[in-house]
Amino acid sequence: MGGVPKLFLPLGGKPLILHTLRPFLQNPNIKEMVVAVRGEDLKKTKDILKGLPVKVIVGGKVRQETVRLALEAIDESLELLAIHDGARPFLSPQLLQACLEAGEKFGAVVPALPIYDTIKKGDEWVERTISREGLYTVQTPQVFRAELIKEAHRKAYEDGYVGTDDASLVERMGIKVRMIRGEKTNIKITDPEDLEIAERLMGEKEYRSGVGVDFHRLVEGRKLFLGGIEIDYNKGLLGHSDGDVLLHAIADAILGAIGIGDIGVYFPPSDEKWRDVRSVIILEEVMRMAREKGWEVENVDCVLLAEEPKIAPYREEMVRKIAECLGIEKERVNIKATTTEGMGFLGRGEGMCAICDVLCRRSL
Ligand code: MG
């Protein structure tokens, strides 16, 4: 999928492999874990799994060879082994436990689901309809007595036999494999559409809100930038950057929501790098930092306090620009404006103020 190895695909802001490992890490019956990856992915996988009790090894050219190498790498004293697809991130703790218990009892077990859809054979045109009775789709984890699955792989290797799952290698030795009920949510990510389904399955979300307030002086001889766009006016906002008070309030609100300080920490006026920079760049950088931690913006609501100019004619363009920076739909961005009815420094047109409230979302 797009050249990114499946294990690293971002799901709810985290690499897929971390979701896949979660039920195993949480199960006290799991004594050792081996993750087998392609040689070129070894370092990155080790980085992602740093600190976790997981052994990372280089797998083979094909799936079966990869499993065989993992079986060789796992602690020899273990009596029961579970083999799981790295790209099945939604295995529930309950199904894992059920597979382990059934594996202990029957020696070889696979989670399976009966087929409810009608099955047809053909190629563009239907050739015939196949009875779905007694047909199942099979998932992982597949659990086996250690010596049984090791022998099955050894035999398959010697015979040059390639099966589409591990159970089939056991079956060809004449040994019965038990099926227990799998889970519809235990999907395997194989194409981009699966990833979309996976994102929807990532039900558990965390929400945090943040607020941002900013002031800038209005001075002559500067262009006015507000909400990421240039506005026709005889004064502009004074600032180290372009002085876009609205974008600064939004950036500050996002940093506040995700709990990593404020705009002054990352874009200090003392840093020449940010001199006269367009605030769109600052907001995009803040979004990049937020995404790095798994956060997305749910919505923003802003108030601009200024006596002049009228922002109504520019509102739509500002909304579009801000939505683009945040990577969200226009409907999630709201901009309001008010005057102070001539009162105080804002009323005298000495400067502008913006207040922003933001809600951020992260998958757990
Ligand atoms: Mg500012």
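Read-outs throughout are calculated quantities, based only on the coordinates presented, and are distinct from any laboratory measurement. Nothing here was measured: the structure is a model prediction, and the numbers come from that model. So basically every Cβ, Gly included, is an ideal-geometry build from the backbone, and we count neighbours across all protein chains shown.
Quick check on the exposure proxy: order 247, 237 from fewest to most C-beta atoms within 10 angstrom. Display every interim value, and only then the final one.
On the way: 247 33, 237 27.
By the 10 Å Cβ count, ascending: 237, 247.
If both residues of a DSSP beta bridge must be in the chain, then about 75% of such bridges are antiparallel. For the chain, the Cys residues with no second cysteine's beta carbon closer than 4.7 Å are 99, 325, 353, 360.
Excluding residue 264 itself, calculate the net charge of residues whose Cβ lies under 13 Å from the Cβ of residue 264, where each Lys or Arg counts +1 and each Asp or Glu counts -1. Within the 13 Å Cβ shell, the charges total -4. For every helix of n ≥ 4 consecutive DSSP H residues, a contribution of -39,500 (n - 2.57) applies; sum these over the chain, divide by its total residues, and give [θ] at 222 nm rounded to the nearest 500 deg cm²/dmol. About -10000 deg cm²/dmol. Separation of the alpha carbons by more than 23 angstrom is noted, of 6/55; 120/184; 293/336; 6/184; 223/273; 188/330, for 293/336; 188/330. Here 153, 240 are placed in order of increasing Cβ neighbour count within 10 Å, fewest first, which gives 240, 153.
When only alpha carbons of the stretch 6-202 are considered, Rg and Dmax amount to 17.2, 53 Å. Descending by average beta-carbon neighbour count within 10 Å, the peptides 11-21, 265-275 line up as 11-21, 265-275, the highest first. Modelled spin-label separation between residue 133 and residue 359, with each label point placed 7 Å from Cα along the Cα-to-Cβ direction: 5.2 nm.
How big, on average over all directions, is the shadow cast by the Cα convex hull of the chain, in nm²?
On the way: hull surface 99.3 nm².
Across all orientations, the chain yields a mean hull projection of 24.8 nm².
Just flag the trypsin sites (Lys or Arg not before Pro) in the stretch 96-182 sitting in loop per DSSP whose Cβ has no more than 11 other Cβ atoms within 10 Å.
176
If you run the Gaussian network model on the chain, springs between alpha carbon atoms under 10 Å, then out of 230, 158, 308 the most flexible one is 158. Placing a pseudo-label 7 Å from each Cα along the Cα-to-Cβ vector at residue 26 and residue 78 gives an inter-label distance of 1.9 nm.
How compact is the stretch 207-362 by the rule of thumb for globular proteins, expressed as Cα Rg over 2.2 N^0.38 Å? Mind dumping the intermediate values first?
Details: Rg = 14.6 Å, N = 156, 2.2 N^0.38 = 15.0 Å.
So the Cα radius of gyration is 0.97 times the expected 2.2 N^0.38 Å.
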